[in-house]
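See structure below.
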Amino acid sequence: DALLGFSQGALIASLVANELYEKKKIKGLISVCGVDSKRKDDQFSVPSFHIIGKTDGLRSRSLKLYEAFKGPKQLVEHTTGHKFPSSKEKDIAAKLAAFCSSIA
């Protein structure tokens, strides 16, 4: 069981997933182009999988969100901007499937 969020929704999903993970009601988070909250004290323990666009104008904020995760985490980058990766990027799909299997 995992939550998925995109952009600002990934930040909200991070906050919710962390609370649910601590209560053992969820096993992971998938963040697509997620952005940080700009608060320096944010820390998340939920296992996470982060997808970031190489040309995303908010890439630096996505990396800051990734850095706030202290539990098991993985970062992959897709070739475009602030959007979901193309279905042609099969390596990302394979890595995401592996992450989902690892938290099942």
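What to note about this one:
- Some residue of segment 55-67 being closer than 20 Å to Gln8 by Cα, assigned to a helix (DSSP H, G or I), of a type in the set (Asp, Glu) and open to solvent by 60 Å² or more (accessible area, probe 1.4 Å): yes
- Note on segment 45-54: residues that are in contact with a Pro (Cβ under 8 Å, 6 or more places away or on another chain) and crowded, with 23+ Cβ neighbours inside 10 Å total 2.
- Screening Ile52 on (1) within 14 Å of Leu3 (Cα to Cα); (2) at pLDDT 95 or above shows it passes everything except condition (1).
- Counting residues in segment 17-26 that are open to solvent by less than 20 Å² (accessible area, probe 1.4 Å), under 23 Å from His82 (Cα atoms) and not polar (S, T, N, Q) gives one or more.
- Count - residues of segment 2-16 that are open to solvent by 80 Å² or more (accessible area, probe 1.4 Å) and touching a helix residue (DSSP H, G or I) at 6+ places or on another chain (Cβ under 8 Å): 1
- Residue list for segment 69-104, restricted to those being under 11 Å from the mean Cα position of the chain (by Cα) and either small (Gly, Ala, Ser) or open to solvent by 70 Å² or more (accessible area, probe 1.4 Å) (or both): Lys73
- Taking segment 30-40 as the range and being in contact (Cβ under 8 Å) with a residue 40 or more places away in the chain and open to solvent by less than 10 Å² (accessible area, probe 1.4 Å) as the test, the residues that pass are Val32, Cys33.
The values are calculated or read from the model by the stated rules, or taken from the named source; none is laboratory data. Predicted model only: the values in this text are computed from it and were never measured. Every residue, glycine among them, receives a Cβ derived from its backbone with ideal geometry; neighbour counts consider all protein chains shown. In case anyone asks, the SASA skips ligands and DNA or RNA and just uses the protein heavy atoms, side chains included. Shrake-Rupley method; radii C 1.70, N 1.55, O 1.52, S 1.80 Å.
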